[in-house]
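The structure appears below as structure tokens.
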Amino acid sequence: MRKTYYGEGLFLNEQYQIFSEHLEEKFQILLMENHGVGIIGGYYEEGLPICMVSELSVHMLGYESIEEFERHTGKLLMKIICPNQNEVFSETVFAGWSGTMETHMHTAQGARLWVRIVKKEHISYDGREIWLISVCNMQELFEAECEIVEVNQKLEDANARIMAQLDTFANGINGGYMISREDRQFSISYVSRNVAANQGYTAKEFLDACMGSMLGNVYPPDRSEVLFSLRHQLKRKDSYSMKYRVICKNGSLKWVLDSGKRGRDENGNPIIQSLIMDVNESEQMNLMYRQERRQYRDAITHDCEYSFSVDLTNGYIETAYEMKNGENPIRLLGLHLPLKFDDYLDRVKQILKSVYTDGRALEEATTEKLLQSYQHGIRKCEYDYWDIRQNKYVRATVLMSEKEENGHICAIIVGRDISSQIREVENYHKEMQAANRRLERQKRELEKAYREANLANAAKSDFLARMSHDIRTPINGILGLIEMSDRYPDDVEKLKENREKERAAVKQLLMLVNDVLDMSKLESGEIELIEEPFNLNDQMRHCMEVIGVQAQKRSVTIVNRTPDGIRHPQLIGSATYVNRILTNILSNSVKYNRIGGQIFVAVEEMPKGQNAAEDRKISGRREIPGEQRLPERSEKQEKQKNQKKQEKIWVRFLIEDTGIGMSEAFQKKMFEPFTQENEAGQTHAGTGLGMAIVKKLIEKMGGTIEVHSRKYMGSAFDVRIPFLLNPDADRQNEEARLRRERGKTGDGGSGIRGKKLLLVEDNELNQEIAKFMLTEAGAEIESVWNGEEAVEAVRRNLEENEKTGRKRYDAILMDIMMPVMNGYEAARAIRGLEQEYDVRTPIIAMTANAFVEDIMRCREAGMDEHIAKPLEIDKLLAALEKYVRKY
């Protein structure tokens, strides 16, 4: 309910009976005591409920209506009062308030409003005690006081700065203050301590020394001139300024600057107030400057053709001059002093020839133009000309400055012989022309390189396109075969055929990946060779068998011209890369052969001395071949006991085919990466990296390759590689023979059946495949997921074997890239464990890390063998049989 009291709207809560005859009187008293803006009243109950509030109070607190006020505050004073941080407000505290209080209230916007409150009590109509407060907004007053305090603080800070600056000035000026009467002797009435101290006196000593006169201490030779200047300036105006020398206490002379102004004392008598500054140091600097200027003039006129001075302001030549050869040019021109400078220039221009070099043209030289240059801040002008009489180039340099005495602009003109400089410029132009020709040549070379780079980029783009095609093709085939197999699940023959095709497609993908990775390693120089014993004849037979399958599909016949191989097949070298070289060349011979064509293969030892040049070329490449391989422990110990001198031989591989051949142009770039020779409209699968890899591998091994080919007539590849004879060949042959005999008699020929193997593999699918293959071969498999679990499994196995006789692991198959602990770390940890029990378990790396350096890292970590993924079960079983039998 809204009512009007003392001309103000008042909102009353109808549920409370608060009317009484003295209520309005209390309102007036509250407002008078507080100069209040609004009234709020309520009961002494929990939360201090509000029963009345003035319209002015509602608006002061930022509310639009009484409804918003009641909704926001809950009609409780406790929700309005906002005490200071260290204050506590409660119903009890409020009850104890009396008289005038200052506090804060919450506004509708959540801000704190500073207010002054006057509190009164009143008895309501129903006889209950109520509280009444008038509220006065103190926020604006508070802000105004803050502004006043801030302004006062700024004024104090400004005064402090001004006083500091005045103190700095008073202490920093190198001089002092003096007051003199304007009488005949200019008697001193006051002198500051600084004036006397600058000349070495106390104030009393100074007055005695100058006999009370402001000019008494002036250096006698300067005194009359100073007195004249002082009287003359004061006659013209009420101030003066002059520099003169004074006599110091120690007898030395010092320059001072005396600046003063006429004034009057408190009695109205005329006085002179003077500021006397010590300028001795600056005057000494000016003297040195003038001396330097004289020295500078002497320096610039030294060894010149001529020099003379001109007053550009009055336009006359100041001094007569002679040339270096003793001639007087003014007389030679038929002129005489006094002479205007422009007249002299007009006559000179008639007989001298201007030269357009770095200087200005002689025709531009006039008094007016020189003065204009000076006004624009130019103090030096140069003019070049050819002196016909003396047969030389001359540069006339005009150096301009202002005279201190009269303010005239004067110039010193110096002529110098610049013939050598001109000739240097001519030579420079010749060199520039030659350089331009070189730049043109380099530009042509760069354009050629640019074209070649574009061709290389085109080759790479072509490579990427082929790679996309060659990768997608087998993937498409595999997906299609899987789809076909799903549609014919009961057709055993079809499923078998599909699996063979899928296997071929996967091998093609693997070949593409290997080519790209090997090329990357070769180009970066990161690839390493493993020098290890191998049988070259066995390597050749294996290679021929693999390529024979490809050749059979194209009806290509492979003719081995040396079926028995070489006489010394037991060699030391990089068997992996020998196989790669031969496979790449033979694969190309099959791929680029015609249907029903032939390939002829021969391998032979080259007679000693036939490759002497190549021997010298690679001499020192490996003194002890075993240094680059990591042999097994027993083999290494045996070699250290019996080191034999290893003999080097050269082996020649000759591969000829009846294929489509190569053009001469392509043969020049056939070893570059990403290159293939395509017939019109015909492409061949492959990356274009095969022959580049072959070339780099052969060079890495210290060998050579030659190619002879004719288009449509076939190609011939002549590869020569050096190897070292294996000094332990006889022993290794005998061990191999014994193993074969044991296999025939059944001794140890049981493979891995019944053997206990630990499989360490983090990939679930790879683990499942390996388990299946090995279980099918009869092995007992225990599997773990990472290297840490593998180390723990081996520890438990060794402990149980020692305590209970439980069977130890016969071999460990170790993946490399695993979480928690990788294969290298796990192998090292296992070898450390085994040393405590004096046992050694074969560890075979089974990983997709298939580079030679990966094999070397496996050996360094203590592993015995390396099998690359994707797994070939025959290779895996052969390695297991070898090491399980060995240990």
Of residues in segment 684-714 being open to solvent by less than 40 Å² (accessible area, probe 1.4 Å), within 21 Å of GLU531 (Cα to Cα) and part of a helix (DSSP H, G or I), the one modelled with the lowest pLDDT: ILE693
Do you know which residues across segment 194-212 are open to solvent by 20 Å² or more (accessible area, probe 1.4 Å) and among the aromatic types (Phe, Trp, Tyr)? TYR201
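One line per residue, one yes/no per condition, for (1) open to solvent by less than 20 Å² (accessible area, probe 1.4 Å); (2) closer than 25 Å to PHE534 by Cα; (3) modelled with pLDDT of 90 or more:
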site: GLU679; (1), (2), (3): no, no, no
site: ILE721; (1), (2), (3): yes, yes, yes
site: PRO727; (1), (2), (3): no, yes, no
site: ARG731; (1), (2), (3): no, yes, no
site: GLU761; (1), (2), (3): yes, no, yes
site: ALA770; (1), (2), (3): yes, no, no
Could you look through segment 837-887, keep only residues that are without any contact (Cβ under 8 Å) to a residue 24 or more places away in the chain and open to solvent by 50 Å² or more (accessible area, probe 1.4 Å), and pick out the one that is nearest to ARG503 (Cα to Cα)? GLU872
So for segment 399-414 (the condition being under 26 Å from ASN328 (Cα atoms) and free of Cβ contacts under 8 Å to residues at least 40 places away in the same chain), does at least one residue qualify? yes
Looking at (1) touching a residue at least 40 places away in the same chain (Cβ under 8 Å); (2) more than 23 Å from GLU281 (Cβ to Cβ), which one does TYR190 not meet, given that it meets all the others? (1)
Please go through segment 213-254 and pick out each residue that is open to solvent by 40 Å² or more (accessible area, probe 1.4 Å) and assigned to a helix (DSSP H, G or I). PRO220, PRO221, ARG223, SER224, GLU225, LEU227, PHE228, ARG231, HIS232, LYS235, ARG236
Which number in (1) part of a helix (DSSP H, G or I); (2) under 60 Å from the mean Cα position of the chain (by Cα) marks the one condition that GLU67 misses? (2)
Given the conditions (1) open to solvent by 50 Å² or more (accessible area, probe 1.4 Å); (2) over 48 Å from the mean Cα position of the chain (by Cα); (3) not hydrophobic (A, V, I, L, M, F, W, C), which single one is not true for GLY778? (1)
Identify, by number, the condition in (1) under 30 Å from ILE413 (Cα atoms); (2) surrounded by 12 or more Cβ atoms within 10 Å (Cβ to Cβ) that GLN291 doesn't meet. (2)
If the Cβ limit is 9 Å and pairs must be 6+ apart or interchain, which residue in segment 487-511 that is within 30 Å of ILE693 (Cβ to Cβ) pairs with which residue that is open to solvent by less than 70 Å² (accessible area, probe 1.4 Å) and charged (D, E, K, R)? GLN508/ASP470; LEU509/ASP470
For the subset of segment 793-814 comprising residues that are at pLDDT 90 or above and closer than 23 Å to ALA878 by Cβ, which member is most open to solvent (accessible area, probe 1.4 Å)? ASP810
So the strands (runs of 3 or more DSSP E) completely within segment 532-581 holding 1 or more residues that are under 16 Å from TRP650 (Cα atoms) are 532-535, 570-573
State which residue pairs qualify: first residue without any contact (Cβ under 8 Å) to a residue 60 or more places away in the chain and inside segment 272-287, second residue open to solvent by 60 Å² or more (accessible area, probe 1.4 Å) and of a type in the set (Gly, Ala, Ser) in any location, beta carbons under 7 Å apart, and separation of 6 or more residues or different chains. none
I'm checking my understanding of the structure. Among residues of segment 368-427 that are outside any strand (DSSP E or B) and among the hydrophobic types (A, V, I, L, M, F, W, C), which one is most open to solvent (accessible area, probe 1.4 Å)? ILE388
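Rundown of residues vs (1) outside any helix (DSSP H, G or I); (2) crowded, with 16+ Cβ neighbours inside 10 Å, yes/no style:
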{"position": "GLY751", "(1), (2)": "yes, yes"}
{"position": "LEU765", "(1), (2)": "no, no"}
{"position": "VAL791", "(1), (2)": "no, yes"}
{"position": "ILE816", "(1), (2)": "yes, yes"}
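The values are calculated or read from the model by the stated rules, or taken from the named source; none is laboratory data. Only a predicted model underlies this, so the values are computations on that prediction, with no experimental measurement involved. Backbone-built Cβ (ideal geometry, glycine too); neighbour counts: all protein chains shown. Just so you know, the surface numbers come from the protein's heavy atoms only, side chains and all, with ligands and any DNA or RNA stripped out. Shrake-Rupley method; radii C 1.70, N 1.55, O 1.52, S 1.80 Å.
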